[in-house]
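Here's the structure, in structure tokens; my notes come after.
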Amino acid sequence: MYITAQRVRSSSLAARQGVNAFLNLHDKAEARAENWDNPSIERLADANPGILVDQECDVPPGGNSVRSFLDVVTADTTDVSRVSAALEAFEASLARAPLPHVETIDRVAVRFNAERALEPERIDEYRRLKARVTLLLERWLDRDAKKVASSGG
Amino acid sequence: MGLFTCRNCIHNPAQGLTFGPGPGFCLQWGALLKQPDRTTCKYLHRKDLPHFLVREAQVEHEAEFAANRALADVETHDDVPASAFDDRALPRAERIDPVTRAVANYYTLAAAPTVPLTRRSRLITLFAGSRDARRASAHACLVRGMGDPQSRHEWFRRILGLIEEVDIEFVVSPSDLIGSGEASKADVQWEIANIRLAAVQEYGWHLGREELKFPLNSELEALAADQKWDGFMAKLGELKGEWADQIWASPAADALHSRLPLKPAPLRSDPEPRFEGLGLRDRWVQKGASSPPREQN
């Protein structure tokens, strides 16, 4: 699973800003090729992101400048509480770390980066992106649970 | 000598009767002066002497060119069409030199009606303290040209800055001289010294201070008459402190600059404004597709 939330600024004159988030899942073949105990966030996010299954966008995606991003990579089967705990722990270490900050916590790999203008408020920025990641993940799992329930599984 | 041409007008600040070849720039009309020694206008403000000493001649000149709306040929009185400064549009042969370009850019920055007086005044300081002859002239003329009632408190600041540099030597390069052998380096030096002094004299006239209206004492006059440049500049260095003191002590000046001091520029809380981004753009990805959401710019 690869979830990313990114603050973007449109290149139009209006320079709209907002947070766009995407949830990708890895099919079984792709998943088998990865070591999910210690996932490589660089390779998964930048080369093997998986299949896009859900998104939540404030600004129409495509061609916008990315001002900050939060990437989360973990196995598709990881539950929300483990991801949330990893994100909390990541936040604690983010305050002291240079950007980009990358850490794997309990089999959840997290990466955060922001342009320098946003660095002084990096924790606030991280929290905004984290909220969007959590929202997308909960929504997807909720939808998945309903699907399973309706199919009688 | 064209005492009543654009060459000798403070609105064309980077040229003089002996220096600044090629086209000039008129701050009065925002126009390029392709032939500054052939053009004039009714708003001419002579550089070489303070206005109160040449008032009668200037009134005559105004009357002579009253029928011309703007720039005119000094001999034929024909109107001269004004051309705006656009560096991109100028043919190579007509390119203006860097100092004139700086004046034109000053005009571009300062002439907009939305530019506050304080900012306009501070732009003048970009010409201050220069060791270049033409920039020294430009600074003196710009300070002199800003004397309107609304900006008197700013004028006060700028005139003190000009007095501070009145004895600063400047470099006259051969390319500054006009004609071929008509003017010498010494001519340029004395002309610019006069331009600086005329600015001080005009300010003295506005303040009503005789010491500033006629700042040359007998010793300084003798040095000027004998063309003793080094001694003249050294004497100016001795006198400039007295002139500044007179301006500070003037009751009229008190009234002019009794406004609150300007707010200082804010300190930065960050080491430097940083605008560089991550160098990434997002991508449009269709649901069901597999593609990284970002790419390098």
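Each value in this text was obtained by applying a stated rule to the coordinates, not by laboratory testing. Keep in mind that this is a model prediction, so the values were computed, not measured. Glycine also receives a Cβ, built like all others from the backbone with ideal geometry; neighbour counts cover every protein chain displayed.
Along the Cα→Cβ direction, 7 angstrom out, place labels at A:D76 and A:E119. What is the inter-label distance in nm?
Once both label points are built, they end up 3.9 nm from each other.
How far is helix A:122-150 tilted off the main Cα axis of chain A, in degrees rounded to 10, range 0 to 90?
The two axes meet at around 20 degrees.
Which of B:A133, B:L278, B:H11 sits closest to the plus end of the dipole of chain B, meaning its Cα is farthest towards the positive end, when Lys and Arg get +1 and Asp and Glu get -1 on the C-beta?
Most positive-ward Cα: B:L278.
Once amide H atoms are placed 1.01 Å from N in the peptide plane, what residues at a sequence separation of 5 or more from A:C57, or on another chain, have their amide H within under 5 Å of its amide H?
Counting only residues 5 or more places away or on other chains, the set is A:A21.
What is the set of long-range amide H partners of B:D132 at a cut-off below 5 Å, with H atoms built 1.01 Å from backbone N?
B:V171
Taking the Cβ of B:R294 as the centre, find all other residues whose Cβ is under 10 Å away and add up their charges (Lys, Arg: +1; Asp, Glu: -1). Don't jump to the answer; show the numbers that get you there.
On the way: positive: B:R281, B:R283; negative: A:D46, A:D71, B:D282, B:E295.
Taking every Cβ under 10 Å from that of B:R294, the sum is -2.
Expressed in nm to one decimal, what extension gain is obtained for the pair B:V115 and B:R131 from 0.36 nm per residue of sequence separation less their Cα-Cα distance?
Values: separation 16, 0.36 × 16 = 5.76 nm, distance 2.82 nm.
Result: 2.9 nm gained on full extension.
If I fit a long axis through the Cα atoms of helix B:185-207 and take the longest principal axis of the Cα atoms of chain B, what angle between them do I get, 0 to 90°, rounded to 10?
90
Which value, in debye to the nearest 20, gives the size of the charge dipole of chain B about its Cα centre, when Lys and Arg are +1 and Asp and Glu are -1 at the Cβ? It would help to have the intermediate numbers written out before the result.
Working: 37 positive and 41 negative charges, 341 e Å.
Its charge dipole is roughly 1640 debye.
Can you pull the one-decimal nm distance between simple spin-label points at B:R101 and B:S184, each 7 Å off the Cα toward Cβ?
Computed distance between label sites B:R101 and B:S184 equals 3.3 nm.
Could you give the dipole magnitude of the protein assembly as shown about its Cα centre, charging the beta-carbon of Lys and Arg +1 and that of Asp and Glu -1, in debye to the nearest 20?
Magnitude of the dipole: close to 1360 debye.
I'd like the Karplus ³J(HN,Hα) series for the range B:119-129: coefficients 6.51, -1.76, 1.60, θ = phi - 60°, whole numbers in Hz, and an x wherever there's a Gly or Pro.
Karplus-based 3J(HN,Hα) across the range B:119-129 equals 5, 4, 5, 5, 4, 4, 5, 5, 9, 6, x Hz.
7 Å from Cα along Cα→Cβ at both B:A66 and B:E164: what's the point-to-point distance in nm?
Each label point lies 7 Å from its Cα, and together they span 4.4 nm.
Which chymotrypsin sites (Phe, Trp or Tyr not before Pro) from the range B:202-234 combine a DSSP loop assignment with at most 12 other Cβ atoms within 10 Å?
Values: sites: B:Y203, B:W205, B:W229, B:F232; in loops: none.
Here no chymotrypsin sites (Phe, Trp or Tyr not before Pro) fit, given the DSSP loop and packing criteria.
Of the GluC sites (Glu not before Pro) in the range B:153-254, which ones lie in a loop per DSSP and count no more than 14 other C-beta atoms within 10 Å?
Details: sites: B:E154, B:E164, B:E165, B:E169, B:E182, B:E191, B:E202, B:E210, B:E211, B:E219, B:E221, B:E238, B:E242; in loops: B:E165, B:E169, B:E182.
In loop regions of the range B:153-254 (DSSP not H, G, I, E or B), the sparsely surrounded GluC sites (Glu not before Pro) are B:E169, B:E182.
How high is the FRET efficiency from A:D27 to A:R128, r the C-beta distance, R0 35 Å, rounded to 0.05?
Details: r = 31 Å, r/R0 = 0.87.
Approximately 0.70, to the nearest 0.05.
Compute and list, largest first, the equivalent-ellipsoid semi-axes of the range A:53-153 from the alpha carbon gyration tensor, each √(5λ) rounded to a whole angstrom.
On the way: eigenvalues 148, 63, 20 Å².
Over the Cα atoms of the range A:53-153, the ellipsoid semi-axes are 27, 18, 10 Å.
For chain A, find the longest principal axis of its Cα atoms and tell me its angle to the long axis of helix A:80-94, 0 to 90°, nearest 10.
Value to nearest ten degrees: 30.
Show me the trypsin sites (Lys or Arg not before Pro) within the range A:40-101 that DSSP assigns to loop and that have at most 15 other Cβ atoms within 10 Å of their Cβ.
A:R96
Put +1 on the Cβ of each Lys and Arg and -1 on the Cβ of each Asp and Glu in chain B; which of B:A249, B:H77, B:Q28 then has its Cα farthest toward the positive end of the dipole?
B:Q28
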